[in-house]
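FYI, it's all coordinate maths here, none of it is from the lab. Remember, it's a predicted structure, so these values are computed and weren't measured experimentally. Quick reminder, even Gly has a Cβ in these numbers, built from the backbone with ideal geometry, and neighbours come from all protein chains shown.
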């Protein structure tokens, strides 16, 4: 387990793969959406960089299974 801050985790990923599209902004979005678990210490977030590929794979599979939203159609109003 190698815990790193988001900027350092992104830097490590870029060392391994210079063409990676992952940025700090994308990582923060995935953290906020709950796809990447973090450890909080004060005001810093730490990520296990050894498990990032696993987290990204799970996030992609979850998006594939998510139902497509139907834009432009009238939805029924749910009664409480």
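Data overview
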| quantity | calculated |
| --- | --- |
| Matching residues in region 4-36 - criterion: being within 16 Å of residue 54 (Cβ to Cβ), in contact with a strand residue (DSSP E or B) (Cβ under 8 Å, 6 or more places away or on another chain) and either free of Cβ contacts under 8 Å to residues at least 24 places away in the same chain or not in a helix (DSSP H, G or I) (or both) | 4, 27, 36 |
| Residues of region 37-54 satisfying the condition of being assigned to a helix (DSSP H, G or I) and either in contact (Cβ under 8 Å) with a residue 60 or more places away in the chain or crowded, with 17+ Cβ neighbours inside 10 Å (or both) | 49, 52 |
